Every structure is written in C-alpha cells, then in structure tokens.
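Report on the following structure.
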Amino acid sequence: MISTVGTSQLTAETIANYFIWQARETGSYISNLKLQKLVYYAQAWYLAIYDQPLFDDDFEAWIHGSVIPKLYEQYKQFAWMPILKEVEKPNFSNEINEFLEQVTEIYFGCDTFELEQMIHREDPWINARGNLPMDSPCNAIISKESMREYYKQRAAEKE
C-alpha cells in the first residue's frame, strides 16, 4: 500500500527532492542556490494560499537570498554545479502535487540569478535583513508570518 505524505509530514528536504526529481525528469539544471529559491517560493505561496506552512523549517536572509541552512549543507558539495542526486518522486497528496506543479510552472524556468533578484526585491527578505548592506552576511530568520502576509497580498493583487 502506498501512502501519501500530508503537510504534517513534509520537510524542506521532501520538497527539495520534488524539485531535484523534476530537474532530472526534464533534463534541467538545478543548483543548490536555485533549489533554495524554489523551496522558498513553495513555502511562501503555500503560506499565502492555505494559511499554514508547507513544512516547519525556517529560511534565513543570506546574501544570495533565502536559505535553509541544513538544506544548504546537504547540497553545498555541488557548489554552482547541477545537483546530481538520484531521487524518487515524493508521493504527495493530490493537493500538494497540484500545488507543486503550479510552483514549478511559474518558477522552474527562471534561472538562478533571476530568482535571486526577485527575492532581493521582496519585503520578507528585505525586512529580515533590516539595514544591512546587500553584501553583508546575515542569519536573520525570514518569518513565516512576513512571507504569508506578503504573498497573500500579492495573490489578492492578481485577482
């Protein structure tokens, strides 16, 4: 019997595995940096749409955008190169699958630099860093509440 993963069992790693699987399926390039941004947008939009986090892990407002440190550590050996890891497609509920397909449709085709620049222009990253220069190291948490509010407002603007 195959069981599906509900949101209470999701982690940043299972969401990352989905995007790594997607890259391998489509023959696309996915670096650690791009992976972080895709996982970030999945969390951000899930918070905005469903008013709850997709997973518990927190993002920090690093120089190159949003990063989950333990996820970064897991893939840092790939540096700027594509992540070459064999993963199976996670078995999510239909709701999660459909949601991640939409995130993929919108963000997967963006290159890493484009995703980084998008996050640099958005309030959750900017506010978490405060008055720090863009090139200063920072480990401040990007709060889930700031993500939820910002992307909920963006969703309302698109309606």
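Every read-out reported here was derived from the displayed coordinates using simple, explicitly stated rules and does not represent laboratory data. No experiment lies behind these values; they were computed from the predicted model shown. Ideal geometry is used to build each Cβ from the backbone, glycine not excepted, and the neighbour counts take in all protein chains shown.
How many angstrom lie between the C-alpha centres of region 35-73 and region 83-155?
5
For the chain, what does the helix formula give at 222 nm: sum of -39500 (n - 2.57) over DSSP H segments with n ≥ 4, over the residue count, nearest 500 deg cm²/dmol?
Mean residue ellipticity at 222 nm (helix-derived): -17000 deg cm²/dmol.
With θ set to phi - 60°, apply the Karplus curve 6.51 cos²θ - 1.76 cosθ + 1.60 along region 20-26 and write out the HN-Hα couplings as whole Hz, x wherever there is a Gly or Pro.
Values per residue, Gly and Pro as x: 5, 4, 4, 4, 5, 5, 9 Hz.
Per residue of region 70-78, what does 6.51 cos²θ - 1.76 cosθ + 1.60 with θ = phi - 60° give for ³J(HN,Hα)? Whole Hz please, x for Gly and Pro, Karplus curve as stated.
With the stated coefficients, region 70-78 comes to 5, 6, 4, 4, 5, 10, 5, 5, 7 Hz.
Among 147, 134, which comes first, second and so on when ranked by fewest other beta-carbon atoms within 10 Å? Don't jump to the answer; show the numbers that get you there.
Details: 147 26, 134 11.
If I rank by nearby Cβ atoms, fewest first, I get 134, 147.
Please arrange 45, 80 by how many other C-beta atoms lie within 10 Å of their C-beta, fewest to most. Don't skip to the end; give the middle numbers.
Numbers: 45 22, 80 9.
Ordered by Cβ neighbours within 10 Å, fewest first: 80, 45.
Which entry is the computed Kirkwood radius over Cα pairs in Å for this structure: [x] 15.9; [y] 18.0; [z] 17.2?
[x]
To make sure I understand, if each residue's beta carbon is the centre and we count other beta carbons within 10 Å, what order do 30, 83, 106, 126 fall in, fewest to most? Before the final figure, lay out the partial values.
On the way: 30 24, 83 20, 106 11, 126 17.
By the 10 Å Cβ count, ascending: 106, 126, 83, 30.
Each residue of region 81-96 in turn: what ³J(HN,Hα) in whole Hz from Karplus with 6.51, -1.76, 1.60 and θ = phi - 60°, glycine and Pro shown as x?
Residue by residue, region 81-96 yields 7, x, 6, 10, 9, 7, 9, 8, 5, x, 8, 8, 5, 4, 4, 5 Hz.
Non-local amide H neighbours of residue 92 (under 5 Å, H modeled in plane, Pro and chain starts lacking H): which ones?
For residue 92, whose amide H was placed from the backbone, the distant partners under 5 Å are 5.
Taking amide H positions as placed in the peptide plane 1.01 Å from N, state which residues far from residue 57 in sequence (5 or more) or on other chains have amide H under 5 Å from it.
Amide H neighbours of residue 57, under 5 Å, 5+ apart: 12.
Only Cα pairs within less than 10 Å get springs; with that Gaussian network setup on the chain, which residue of 61, 79, 48 has the largest fluctuation?
Result for the chain, Cα springs under 10 Å: 79 fluctuates most.
Collect residues whose amide H, placed 1.01 Å from N in the peptide plane, falls under 5 Å from the amide H of residue 62; neighbours closer than 5 in sequence don't count.
67
Find out how many positive minus negative residues lie around residue 137, taking Lys and Arg as positive, Asp and Glu as negative, among other residues whose Cβ is under 15 Å from that of residue 137.
-1
Where a Cα-Cα gap under 22 Å defines reach, which lysines qualify for residue 144, not counting those fewer than 8 residues away within the same chain?
34, 37, 70, 152, 158
Express the relative contact order of the chain as a whole percentage, based on alpha carbon pairs under 8 Å and six or more residues apart in sequence. Mind dumping the intermediate values first?
Numbers: 198 pairs, mean separation 53.9, N = 159.
That works out to 34 percent.
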